[in-house]
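The values are calculated or read from the model by the stated rules, or taken from the named source; none is laboratory data. It should be emphasised that the depicted structure is a prediction, and the values quoted were computed from it without experimental measurement. Glycine also receives a Cβ, built like all others from the backbone with ideal geometry; neighbour counts cover every protein chain displayed. Accessible surface areas use protein heavy atoms only, side chains included; no ligands, DNA or RNA. Shrake-Rupley method; radii C 1.70, N 1.55, O 1.52, S 1.80 Å.
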Amino acid sequence: MILFDKVSKRYPGGQEALSMVSFRLEAGEMAFLTGHSGAGKSSLLKLITLIERASAGQIVVNGHNLTRLGRREIPRLRRNIGIIFQDYRLLHDRTVFDNVALPLIVTGLQRRDVARRVRAALDMVGLLNKEKRYPVTLSGGEQQRVGIARAVVHKPPLLLADEPTGNLDPELSREIMTLFELFNQVGVSVLIASHDLELIGSLPYRVLTLEQGRLIHDGGMVGR
Amino acid sequence: MSAAKAPSGRPQGAGATRKGVRRGLKGYLERHLQVLIHALGRLSRNPLSTLMTTAVIGIALALPAGLYLVVDHVRDLGGQWRETTRISLFLKQGLADEEARRLAERLAGEAEVEGTEYVSPAQALEEFREFSGFGEVLDALDGNPLPGLITVQPASSLPPEAIQSLLERLRALPEVDIAQLDMEWVRRLHSLVDLVQRGILVIAILLALAVLLIVGNTLRLDIESRREEIVITKLIGATDGFIRRPFLYTGFWYGLGGALVALLLVNLSLVLLQGPVQRLAGLYGSDFRLGFTSPGMVILLLAAGVMLGLAGALLAVGRHLRDIEPE
Ligand SMILES: Nc1ncnc2c1ncn2[C@@H]1O[C@H](COP(=O)(O)OP(=O)(O)O)[C@@H](O)[C@H]1O
Ligand SMILES: [Mg+2]
């Protein structure tokens, strides 16, 4: 699903955010990406969605070779990825329903099909009764669940999350993780960046650890 | 446009393909209509700023349209007064009365001529005697020095150039000594009108540019205020076309609204001017009146408004949307 081969990223005028990172995430696999703040977790996720381009190395995502992917092909890549953000990034002038519908609207899906699938996604995150609300009227945990519903509504084969529980208390964080496990169980590949070692350690998934841009640990446990 | 594609993975039998295509097209149009209406809805949620922008565009469009109408009317007026222009043919000395009368009749029968009037040398002398008070002087002269005169009234539909060529033709007649046209002022009016019309064209171009910039700038601000929304939509996999669309339709509405305001302003001014103009025309014994904007003018204004709105939007969208990328 994701293949990194000796990938480096250097921001203009900065030092290397990632150096020679290589790993492979299989289809249907779930993994955590961890490391201290500034280790390069966000940068790695941005390379996968082509928010940033790698300075060196090869990246293949869902069959797309990102080095060769032109600007106009980026939307097609992103439609196959569900992205979840630490600060949710919802549209505040639209209802919960309209926020979740957005990925379907951009693909031009017909209106009735949109409604059906939006409700299915909201049902999965337990917010079916809040579809007419505006994001600001929801709690942080609820907003993040709207963000997750939006990320999965178009059934992407890959989910990426950057510190999805960073603004949530431990209990809510657990709930969110349970949701990710649920999607993974139906075959979605999941990569979650998080520095919450406690939470990660309590779950039986592969952990990739970054330190100053280098991948220093890749295995079933948190490197300590 | 990839947004028009049917979503992949939807089961579709071979027999249903035609139906699927038709449904796809219908969906495509439906989506565009939806965005069009949505853009209008957005505009109506900010009534004050929408009205102001539309009014400014309206004024910019109304100015050249109104000037053009006034000048067009003045040109018509010149046409009306052309009836008073006559060609005077002073006939050669010694031409028989009978021959001159026949010439006058023949000319009156021509298509380019409305009518003719013959004044014989004797009549001319009589009139001169009556009006000048130089009777004694004339008596002292040996014979009648005045030539016969045919006044030719050109057909009222004749444009100035045709009148000019009619004059040349009449001047070349063997019976005619001197041919004179009393229409210099009409020609001057026409060249003045041409000049003013060219000036209006320049004004129109400048104001069209202004409309372009107004729409462009309004949309630039709109894009700026929706930056986060654009970024998120891009992250979700929207194409440039998808993101561009609502802004283009907003430009469309601005242009259309501006054109409607312009039509309103122009016709309102025409109504207000109607009374004074009719009074003035009455003083000159004319039944001249201002009409409303013609259907052609209406279509032209609407088309110009919409084109300028869309062009302004394209300008803004092309310049600014590309710069907004997720980071
Ligand atoms: N847009 C950017 N321009 C320059 N430097 C950046 C940019 N984004 C991140 N960095 C730098 O790259 C390094 C890795 O950052 P990041 O990927 O955000 O780490 P993490 O998400 O693990 O905290 C940091 O040193 C950070 O300062
Ligand atoms: Mg980060």
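The count of lysine pairs in chain A with alpha-carbon distances below 29 Å, taking only pairs 8 or more places apart or on different chains, stands at 8. With the largest listed first and rounded to whole Å, the semi-axes of the equivalent ellipsoid of region B:86-181 from the Cα gyration tensor are 27, 13, 11. Accessible surface calculations at 1.4 Å, restricted to protein heavy atoms, place region B:86-181 at 58 Å² per residue.
Label chain B by shape, choosing from rounded, prolate and oblate, from the square roots a ≥ b ≥ c of the eigenvalues of the Cα gyration tensor; if a/c is under 1.5 it is rounded, and otherwise prolate applies when a/b is larger than b/c, oblate when it is not. Prolate. Comparing B:ILE232, B:ILE59, B:ILE163 in a Gaussian network model of chain B (Cα springs below 10 Å), the most mobile by mean-square fluctuation is B:ILE232. For region A:106-161, the share of accessible area belonging to carbon and sulfur comes to 52 percent (1.4 Å probe, ligands and nucleic acids excluded).
With the simple model of a label 7 Å out from the Cα in the direction of the Cβ, B:LEU213 to A:ASP87 spans 3.5 nm. Apply the a/c threshold of 1.5 to the C-alpha gyration tensor of the protein assembly as shown and tell me whether it is rounded, prolate or oblate. It comes out prolate by the Cα gyration axes.
Among A:TYR11, A:LEU203, A:LEU69, whose Cα projects farthest towards the positive end of the dipole of chain A, with charges put on the beta-carbon of Lys, Arg (+1) and Asp, Glu (-1)? Positive-end residue among those listed: A:LEU69. Rounded to the nearest 20 debye, the dipole magnitude of chain B is 3740 debye, with +1 charges on Lys and Arg beta carbons, -1 on Asp and Glu beta carbons, and the Cα centre as origin. Accessible surface for A:LYS41 stands near 10 Å², nearest 10, in the context of the full protein assembly shown (1.4 Å probe). Computed with a 1.4 Å probe on the full set of protein chains, the accessible area for B:ARG220 sits at about 80 Å².
Computed in the context of the full set of protein chains, the accessible area of region B:86-181 at 1.4 Å probe radius has 53% of its extent on carbon or sulfur.
With a 1.4 Å probe, how much accessible area is buried between chains A and B, both sides summed, in Å² to the nearest hundred? In total, this chain pair buries about 2400 Å².
Helix screen, chain B: DSSP H segments with Cα axial length of 30 Å or more and mean Kyte-Doolittle hydropathy at least 1.0 are B:184-225, B:295-320. The helix-based estimate of mean residue ellipticity at 222 nm for the protein assembly as shown, built from -39,500 (n - 2.57) per DSSP H run of four or more residues and divided by its residue count, is -18000 deg cm²/dmol to the nearest 500.
Per-residue SASA remark: B:PHE292, around 140 Å² accessible (1.4 Å probe; ligands, DNA and RNA not included). Taking +1 at the Cβ of each Lys and Arg and -1 at the Cβ of each Asp and Glu, which of A:LEU33, A:GLN110, A:THR178 sits farthest along the dipole of chain A towards its positive end, judged by Cα position relative to the Cα centre? Going by the Cα projections, it comes out as A:GLN110.
Mean sequence separation of contacting Cα pairs (under 8 Å, at least six apart), scaled by the length of region A:114-183, corresponds to a relative contact order of 32 percent.
For the pair B:ARG171 and B:ASP323, label points projected 7 Å from Cα toward Cβ lie 6.5 nm apart. Mean separation of Cα pairs under 8 Å and 6 or more residues apart, divided by the residue count, gives chain B a relative contact order of 26 percent.
When chain B is treated as a Gaussian network with alpha carbon springs shorter than 10 Å, the biggest mean-square fluctuation among B:ASP76, B:ASP97, B:ASP142 belongs to B:ASP142. Set against the 2.2 N^0.38 Å expectation for a compact globular protein, region A:100-224 has a Cα radius of gyration ratio of 1.16. Can you bin region A:27-169 into rounded, prolate or oblate? Criterion: square roots of the alpha carbon gyration tensor eigenvalues sorted a ≥ b ≥ c, rounded for a/c under 1.5, prolate for a/b above b/c, oblate for the rest. Here region A:27-169 falls in the oblate category. Give me the residues in region B:23-69 whose solvent-accessible area, probe 1.4 Å, is reduced by at least 40 Å² once all protein chains are included instead of the chain isolated. Relative to the lone chain, where solvent access is computed with a 1.4 Å probe, region B:23-69 loses at least 40 Å² at B:ARG23, B:ARG31, B:GLN34.
Measuring nothing but how far apart in sequence close Cα pairs (under 8 Å, 6+ apart) lie, relative to its length, chain A scores a relative contact order of 29 percent.
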